[in-house]
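Enquirer: This is the structure, below, for whatever I ask next.
The values are calculated or read from the model by the stated rules, or taken from the named source; none is laboratory data. Everything quoted here is computed from the prediction, not taken from an experiment. All Cβ positions, even for glycine, are placed from backbone atoms using ideal geometry, and neighbour counts span all protein chains on display. Protein only, heavy atoms only, side chains kept; ligands, DNA and RNA dropped before computing areas. Shrake-Rupley method; radii C 1.70, N 1.55, O 1.52, S 1.80 Å.
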Amino acid sequence: MKLTNFFGCLLLIACIYTCFAVAEEALETKADAKDPWTGTWQSDRYTEKYIQNGTVLTGQYILTSSDKSDAGSIKGRVSEDGKTVTGTWEEAGDLTLVLGDDNRTLSGTRAYQIDNEIYSAIYHDQIMDGIWNSENHTMSLYQENSAVYGSYVSLNLLTGESGYITGTISEDGKKINGTFVESGNFSFTLSEDQTFFNGTFTYGNGKSKELDTWNAVRIG
C-alpha cells in the first residue's frame, strides 16, 4: 500500500511538472508569436501605442494628463537584437527606447527631456481601446467613459499626413462621432463583434465639404 502511494505521489508530481512546462512553453510561444514592441505602454507623462513590423516601428503618443489634444506620431528603427529603438517623434525631436528583458517594461529618452522615462505595458478593456488599420492610416484609439480620443499615422511615411481625433461614443457603444485634425468631422459605426468599423468623414466645415469613407479593422 505504501509503495502504491509512493508511486502515486511521483505520478502526481510528474503531471504537475508537465502541466507547468506545457504552460510555460505556451506562454513563450505566445510571446514569440508577435513582435514584442507592439502594444500599449504608459509612463507618468505619456500613453503610447507601437506597431512593430520587422525592424520598423511606428506609433502614436498622447499625454497621460487630461489634455488629450497634445498627440503625435513616432517613427523608429529596431536594432538587430530587438532591444533598442532609435527614431523621431512628431514634435521634432530624437528619441531612444530600450526594451526590458521581461518585454513588459521599457525606458527611453527624447529631445527636451533629460531623464529616462520608464514605461510599462498596459492593457485596456474599453470598447474602442486598440490599434486600428484603415486603407491609409494606422490609428490608436483610447476610450474614457463616453470620450474617445487618439491619433493616426499615415501608412505612407514619406508623403502621408498624421493627426489626432476626439469624439463621443453613443450609449449603446455602436457609434462614435467627432472631429479630426486636419480639420474635419467623422462618424464611425462599430461592428457587433467589435473587430471593425465602417465610417465616413468630411474635410472642413464649409458648404462644399465632401463625404468620403473611413473604414478600419482592429489589429491590436
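Enquirer: Quickly run through the range 147-171 and pick out the residues that are open to solvent by 30 Å² or more (accessible area, probe 1.4 Å), in a strand (DSSP E or B) and under 19 Å from THR40 (Cβ atoms).
Expert: ALA147, TYR164, THR166
Enquirer: Under 6 Å between Cβ atoms, which residue pairs at least 6 apart in sequence (or on different chains) link something in the range 172-194 that is within 15 Å of GLU210 (Cα to Cα) and crowded, with 17+ Cβ neighbours inside 10 Å with a partner that is at pLDDT below 90 and of a type in the set (Asp, Glu)?
Expert: Pairs found: none.
Enquirer: I would also like to ask the following. Restricting the range 66-82 to residues that are in a loop (DSSP other than H, G, I, E, B) and either touching a Cys at 6+ places or on another chain (Cβ under 6 Å) or open to solvent by 60 Å² or more (accessible area, probe 1.4 Å) (or both), which is modelled with the lowest pLDDT?
Expert: Out of the qualifying residues, it is SER66.
Enquirer: Name the single residue that is modelled with the lowest pLDDT among those in the range 197-211 being in a strand (DSSP E or B) and open to solvent by 80 Å² or more (accessible area, probe 1.4 Å).
Expert: TYR203
Enquirer: Given the criteria over 21 Å from GLY160 (Cβ atoms) and either of a type outside the set (Lys, Arg) or modelled with pLDDT under 60 (or both), does LEU12 qualify?
Expert: Against the criterion (over 21 Å from GLY160 (Cβ atoms) and either of a type outside the set (Lys, Arg) or modelled with pLDDT under 60 (or both)), LEU12 qualifies.
Enquirer: Next question, about the same structure. Can you find a residue that is at pLDDT 85 or above, within 20 Å of THR138 (Cβ to Cβ), assigned to a strand (DSSP E or B) and aliphatic (A, V, I, L, M) anywhere in the range 114-122?
Expert: no
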